[in-house]
Amino acid sequence: MIRKTNEENWLIVGLGNPGREYEKSRHNCGFRAVDVLAEKLGCKIDKLKYQGLYCQVNYSGKKLFLLKPQTFMNLSGDAIAEAASFYKIPPENILILVDDVCQDTGRMRVRQSGSHGGQNGLKNIIARLGSDKFPRIRFGVGQKPNPQYDLAAWVLGVLGGEDKKRLESCFPLIEEAAKMIFDG
């Protein structure tokens with residue numbers, strides 16, 4: 001159970017890589033997810049600060065900062081630590097949206113905390129925050145087709161067809177999942 005805090009500020013971070021060549025990759029589903037949430041909340045993630053693009057919106061008595069780090073996936077913690085420090089947001093109030101190669105495509109998993117599970121972006125966030133006690137929503141992008149397949153090539157590859165539809169069917173549920181996290 002995520003404990004409620006007295007803090008009203010929340011940082012919601014979509015993980016991904018900047019650049020057009022990565023836009024549709026499996027690894028960038030966090031970017032796409034936070035964009036969908038921003039649109040739903042009526043803000044546009046277009047201000048540059050904290051080594052990322054961000055926007056701010058009030059939601060249900062909370063101040064939300066939506067962030068897309070521009071540091072590349074493996075250094076996402078740098079941008080997150082900078083923004084969290086500036087707004088004095090504790091790890092418990094930082095929600096990470098990230099891809100997960102261990103889940104079937106289109107499956108969404110909400111966790112209050114946990115290990116990085118081999119995901120380098122999460123690994124860096126844990127190192128920079130000094131804590132793994134932050135909530136996350138992990139989006140299944142499917143396992144690589146065989147053990148010999150290069151993992152980097154897999155996550156940087158593009159989801160298409162039915163897999164893309166399954167993944168994108170999760171995005172409208174982000175607001176509801178975030179509300180559950182906010183409410184503990």
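Taking the Cα centre of the chain as origin and assigning +1 to Lys and Arg Cβ atoms and -1 to Asp and Glu Cβ atoms, the resulting dipole is close to 200 debye. Expressed as a whole percent, the accessible surface of the chain that belongs to carbon and sulfur atoms is 49, based on a 1.4 Å probe. Counting 0.36 nm for each residue step from V158 to Q143 and taking away their Cα separation leaves a gain of 4.1 nm. Using C-alpha pairs under 8 Å with a sequence gap of at least 6, the mean separation divided by the residue count of region 20-76 gives a relative contact order of 24 percent.
The calculated FRET efficiency for K88 paired with R20, based on their beta-carbon distance and R0 = 35 Å, is about 0.50.
Amide H to amide H, with H built 1.01 Å from N, L53 comes under 5 Å of K68, Q70, counting only residues 5 or more places away or on other chains.
If a paramagnetic tag sat 7 Å from the Cα of H116 along the Cα-Cβ line, which residues of region 57-84 would have the backbone N under 13 Å from that point? Counting backbone N atoms under 13 Å from the label point, the list is 73-78. Close amide H contacts of I12 (hydrogens built in the peptide plane, cut-off under 5 Å, sequence separation of 5 or more or a different chain): F65, L66, L67, L95.
Computed over protein heavy atoms with a 1.4 Å probe, the accessible surface of the chain works out to 49 Å² per residue.
Calculated mean residue ellipticity, 222 nm, the chain: -9000 deg cm²/dmol, from DSSP H runs (n ≥ 4) at -39500 (n - 2.57) each, averaged per residue and rounded to 500. Using a Gaussian network for the chain with springs between C-alpha atoms less than 10 Å apart, which of these wobbles most: K123, K62, K133? Judging by the Gaussian network model, the answer is K62.
Region 132-184 and region 3-82 have Cα centres lying 15 Å from one another. Of the trypsin sites (Lys or Arg not before Pro) in region 63-118, the ones in a loop by DSSP (not H, G, I, E or B) with at most 13 other beta carbons within 10 Å are K88.
Which residues in region 55-94 place their backbone N less than 11 Å from a point set 7 Å from the Cα of A127 along the Cα-to-Cβ direction? Only 74-78 fall inside the zone, counting backbone N under 11 Å. Take the alpha carbon gyration tensor of region 44-184, find the square roots of its eigenvalues, order them as a ≥ b ≥ c, and report rounded if a/c is under 1.5; if not, report prolate when a/b exceeds b/c, else oblate. Prolate is the answer for region 44-184, as a/c is 1.5 or above and a/b outweighs b/c. Rounded to the nearest 5, the antiparallel percentage of DSSP beta bridges internal to the chain is 55%. Once the Cα atoms of helix 76-87 and of the chain are each reduced to a long axis, what angle between those two axes, in degrees from 0 to 90 to the nearest 10, is obtained? Rounded to the nearest ten degrees, it is 10. For the chain, the relative contact order works out to 27 percent when only alpha carbon pairs closer than 8 Å and six or more residues apart are counted.
So for region 5-49, considering every pair of alpha-carbon atoms, how many percent are separated by more than 17 Å? Tail of P(r) above 17 Å: 40 percent of Cα pairs.
Overall shape of region 110-160 was characterised from the C-alpha gyration tensor. The equivalent ellipsoid obtained from it has semi-axes of 25, 13, 9 Å, in decreasing order.
In region 1-155, taking the dipole from charged Cβ atoms about the Cα centre, the farthest positive-side position among V57, V141, S76 is held by V57. In the chain, the longest principal axis of the Cα atoms and the axis of helix 29-41 are about 40 degrees apart.
The values are calculated or read from the model by the stated rules, or taken from the named source; none is laboratory data. Every value quoted in this text rests on a predicted model; they were computed, and no experiment measured them. Cβ sites come from the backbone with ideal geometry, for glycine too, and all protein chains shown count toward neighbours. Accessible surface is based on the protein model in full, side chains and every heavy atom, while ligands, DNA and RNA are left aside. Shrake-Rupley method; radii C 1.70, N 1.55, O 1.52, S 1.80 Å.
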